[in-house]
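One structure is given below, encoded as structure tokens.
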Amino acid sequence: MKEQFIIYFKDEEDQYQAEVKAFELDNSMVYDVYYSLVPHVYLVRRMQIYAAVGNGSFTHWRQRITNKDEKPLPEEFVEAIGSAIENAQL
């Protein structure tokens, strides 16, 4: 497992870049994701995601809400980040 790495992902028409830091929490891997639109790397936003196993072998990615003011992001956006993390670890 890489401790820190860079991913690129696309959501609809927008291209993003993210720095990902992995850590273990309660025997699960959680990923701190610091993302921004490309090429605007100075407008960084942070979120945490983790993999949740669903029916079959398909991995569902979920956002981890860390404070009461944090709003859930669209499921498609979280899945795009999770897929990019999976691809980076191959």
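Suppose every K and R has +1 on its Cβ and every D and E has -1 on its Cβ; what is the size of the dipole of the chain about the Cα centre, in Debye to the nearest 20?
About 220 debye.
Keeping all protein chains in place, calculate the accessible area per residue for the chain (probe 1.4 angstrom), answer in Å².
For the chain, the solvent-accessible area averages 69 Å² per residue.
Evaluate the relative contact order of the chain (contact order divided by residue number), counting alpha-carbon pairs under 8 angstrom at least 6 apart; express in whole percent.
Relative contact order for the chain comes out at 22 percent.
Determine the share of the chain's accessible area contributed by carbon and sulfur atoms, expressed in whole percent, with a 1.4 angstrom probe.
Whole-percent figure for carbon plus sulfur exposure: 48.
Compute the length gained on full extension between Ala52 and Asp14: take 0.36 nm times their separation in residues and subtract their Cα-Cα distance, giving the result in nm to one decimal.
11.1 nm
Hey, of (1) 39, 11, 9; (2) 20, 15, 14; (3) 23, 14, 12, which did the structure itself give for semi-axes √(5λ) of the Cα gyration tensor in Å when calculated?
Recomputing semi-axes √(5λ) of the Cα gyration tensor in Å here gives the entry labelled (2).
In what sequence, largest accessible area first, do Lys68, Lys21 appear using a 1.4 Å probe?
The residues order as Lys68, Lys21, largest area first.
The values are calculated or read from the model by the stated rules, or taken from the named source; none is laboratory data. The shown structure was predicted, so the numbers you read here are calculated from the model rather than taken from an experiment. Positions of Cβ are generated from backbone atoms using ideal geometry, with glycine treated the same way; all protein chains shown enter the neighbour counts. For accessibility, only protein heavy atoms count, side chains too; no ligands or nucleic acids. Shrake-Rupley method; radii C 1.70, N 1.55, O 1.52, S 1.80 Å.
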